[in-house]
Amino acid sequence: MGPYTILIGLSLAVLLSYLFDLTARATKVPSVLLLLLAGIALGQASSYWEMPIVVPSVVLQLFGIVGLIFIVLEGSLDLRLTPEKFPLIQRSFLAALVIMLVQVGAIAALLHAYLHVGWQSCIVNAVPLAVVSSAVAIPSVAGLGGEKQEFIVYESTFSDIIGIMLFNFALQDNFAQGLSVVTFGRDVIAVIVVAVLSTALLVFLLGRLRAHVKFFLLFAFLVLIYSLAKKLHLSSLVLVLVFGLVVNNADLLARGARMQRWFRPEKLAAELQQLKSITAESAFLIRTFFFLLFGFSITLSNLVSWSLLFQGVLIVAVLTFIRFLYLKYVAKTDLIPELFIAPKGLISVLLFYSIPQNMLIGEVSENILFVVILFTGLLMMIGLMLAHRTPDMLEV
């Protein structure tokens, strides 16, 4: 293909994604679900016209990593840390933590019972199936507003962070030994320290950069710090969340003359709207190409299997049942739309591709992952439709 053909394809992909966003607002069908289906259709068309195009997994991972950074940053830039929000933050963190641990345990037990694979491999393969994708959830609930939207943003982001930490914990050579707990605790302390230092540096730069090009310079620093922390096996998504929260709440956090000089909240407030706009548009662009490419990489013929569909339905049923029990009897909160909005997506794909070869379970393939992503996307669509039809239930 020539360069102009490629440019035409990229431009059409962006236009198509924008149309899907408009469709999602009207129909409550998640735009990422439409992007996945469009990607599958493009893959089938390329096969039919005998134009084989292979999407390397490293390309998906690159789009996924950068997309995850921008999407979490976009969500955190809309959150305020007022005292009355602390119960909501605590509630969403506990929901993400407890649901994640129970779901991973249940899926790992199923894999261990039916496939007779070691517990470590089962847990490693279960985490991508249990983690809630903030990349799908955050843009999908943009129209909810209020505490429900904030709960889902916080919960999905915490789920990403906890999922990554649990995944790294399960990958340790000394897994299930006492030393692994010490190592895990050390990593938690390390990521908190790195998050505080990197956020202080980034906020300092944002308040003082005078160059015409500064936001993408800031993003480059953020991606650099994120990647370096990831190379050290730290849950570097915490860095992105903390940075977004600090920038959007600088007026609340900058107490005292020294903090005022460092944070310059008036300067940050002047830059905030432009930062939000650029972050949102970048997240939209990267999300578009990631989900189109992921759908393109799926072989449709491999999905036409009753056994595969049954396994996918069973996994989603277990995940949803556990979520129902927690929300109904532990959190004692609303079920609509919270019960249905637990999609799998970008973070699930990234974790799946990060599983070492010796821990991969053949039966837990990329195809099952796609089926789970598809079914949880359909459940999210149902939840958004129910919330839209019963606006009185959106009040807390």
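The values are calculated or read from the model by the stated rules, or taken from the named source; none is laboratory data. Computed from a prediction, not measured in an experiment: that's the story for all the values here. Cβ: placed from backbone, ideal geometry, glycine included. Neighbour counts: every protein chain shown. Note: areas computed on protein heavy atoms with side chains; ligands, DNA, RNA excluded. Shrake-Rupley method; radii C 1.70, N 1.55, O 1.52, S 1.80 Å.
Quick one: what pairs do we get from region 181-193, first residue in contact (Cβ under 8 Å) with a residue 12 or more places away in the chain and more than 17 Å from Val240 (Cβ to Cβ), second part of a helix (DSSP H, G or I) and not hydroxyl-bearing (Ser, Thr, Tyr), C-beta under 6 Å, 6+ apart or different chains?
Filtered contacts from region 181-193: Phe184/Phe169.
From the list Phe86, Phe93, Phe70, pick out the single residue that is surrounded by 19 or more Cβ atoms within 10 Å (Cβ to Cβ) and of a type in the set (Phe, Trp, Tyr). First the steps, then the outcome.
Working: Phe86 fails: surrounded by 19 or more Cβ atoms within 10 Å (Cβ to Cβ); Phe93 fails: surrounded by 19 or more Cβ atoms within 10 Å (Cβ to Cβ).
When all the criteria are applied, what remains is Phe70.
Determine which member of the set Ala142, Ala113 is over 27 Å from Lys332 (Cα atoms), open to solvent by 10 Å² or more (accessible area, probe 1.4 Å) and without any contact (Cβ under 8 Å) to a residue 24 or more places away in the chain. Show your work before the answer.
Working: Ala142 fails: over 27 Å from Lys332 (Cα atoms).
From the options Ala142, Ala113, the qualifying one is Ala113.
Take Ala135 and decide whether it is of a type in the set (Gly, Ala, Ser), in contact (Cβ under 8 Å) with a residue 24 or more places away in the chain and either touching a Ser or Thr at 6+ places or on another chain (Cβ under 7 Å) or on the phi > 0 side of the Ramachandran plot (or both). I'd like the intermediate steps shown before the answer.
On the way: of a type in the set (Gly, Ala, Ser): yes; in contact (Cβ under 8 Å) with a residue 24 or more places away in the chain: yes; either touching a Ser or Thr at 6+ places or on another chain (Cβ under 7 Å) or on the phi > 0 side of the Ramachandran plot (or both): no.
No, not satisfied.
Here are some residues: Ala108, Ala41, Ala26. Which one is assigned to a helix (DSSP H, G or I) and either in contact with a helix residue (DSSP H, G or I) (Cβ under 6 Å, 6 or more places away or on another chain) or crowded, with 16+ Cβ neighbours inside 10 Å (or both)? Break it down into steps so the answer makes sense when it comes.
Values: Ala41 fails: either in contact with a helix residue (DSSP H, G or I) (Cβ under 6 Å, 6 or more places away or on another chain) or crowded, with 16+ Cβ neighbours inside 10 Å (or both); Ala26 fails: either in contact with a helix residue (DSSP H, G or I) (Cβ under 6 Å, 6 or more places away or on another chain) or crowded, with 16+ Cβ neighbours inside 10 Å (or both).
None of the other options fit; the residue is Ala108.
Going by the structure shown, is Ile8 assigned to a helix (DSSP H, G or I) and buried (at least 19 other Cβ atoms within 10 Å of the Cβ)? Reasoning before the result, please.
Working: assigned to a helix (DSSP H, G or I): yes; buried (at least 19 other Cβ atoms within 10 Å of the Cβ): no.
No, not satisfied.
Can you tell me which of Leu308, Leu378, Leu339 is part of a helix (DSSP H, G or I) and open to solvent by less than 30 Å² (accessible area, probe 1.4 Å)?
On the way: Leu378 fails: open to solvent by less than 30 Å² (accessible area, probe 1.4 Å); Leu339 fails: part of a helix (DSSP H, G or I).
It is Leu308.
Open to solvent by less than 10 Å² (accessible area, probe 1.4 Å) and over 20 Å from the mean Cα position of the chain (by Cα): is that true of Leu218 in this structure? If you could, list the steps in order and put the result at the bottom.
On the way: open to solvent by less than 10 Å² (accessible area, probe 1.4 Å): yes; over 20 Å from the mean Cα position of the chain (by Cα): yes.
Against the criterion (open to solvent by less than 10 Å² (accessible area, probe 1.4 Å) and over 20 Å from the mean Cα position of the chain (by Cα)), Leu218 qualifies.
If you take just the helices (runs of 4 or more DSSP H) that sit entirely in region 240-304, which of them hold at least 1 residues that are modelled with pLDDT of 80 or more?
Working: elements: 250-253, 257-263, 265-297.
So the answer is 250-253, 265-297.
Every residue, every condition in (1) at pLDDT 90 or above; (2) over 23 Å from Val313 (Cβ atoms); (3) in contact with a Lys or Arg (Cβ under 9 Å, 6 or more places away or on another chain); (4) not small (Gly, Ala, Ser), yes or no:
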position	(1), (2), (3), (4)
Leu94	yes, yes, no, yes
Ala109	yes, no, no, no
Gly118	no, yes, no, no
Asn125	yes, no, no, yes
Pro139	no, yes, yes, yes
Lys148	no, yes, no, yes
Phe151	yes, yes, yes, yes
Ser156	yes, no, no, no
Met165	no, yes, no, yes
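Quick check on region 250-295: of everything there that is of a type in the set (Phe, Trp, Tyr) and under 15 Å from Leu62 (Cβ atoms), which residue is surrounded by the fewest Cβ atoms within 10 Å (Cβ to Cβ)?
Phe289
Determine whether Gln103 is modelled with pLDDT of 90 or more and either assigned to a helix (DSSP H, G or I) or crowded, with 19+ Cβ neighbours inside 10 Å (or both).
Working: modelled with pLDDT of 90 or more: yes; either assigned to a helix (DSSP H, G or I) or crowded, with 19+ Cβ neighbours inside 10 Å (or both): yes.
For Gln103, the condition - modelled with pLDDT of 90 or more and either assigned to a helix (DSSP H, G or I) or crowded, with 19+ Cβ neighbours inside 10 Å (or both) - is met.
Here's a check for you: in region 44-67, which residue that is assigned to a helix (DSSP H, G or I) and hydrophobic (A, V, I, L, M, F, W, C) is least open to solvent (accessible area, probe 1.4 Å)? I'd like the intermediate steps shown before the answer.
Keep residues of region 44-67 that are assigned to a helix (DSSP H, G or I), which gives 44-48, 57-67.
Still in the running and hydrophobic (A, V, I, L, M, F, W, C): 45, 58-60, 62-63, 65-66.
Details: Ala45: 42, Val58: 84, Val59: 48, Leu60: 2, Leu62: 106, Phe63: 64, Ile65: 61, Val66: 45 Å².
Among those that are assigned to a helix (DSSP H, G or I) and hydrophobic (A, V, I, L, M, F, W, C), it is Leu60.
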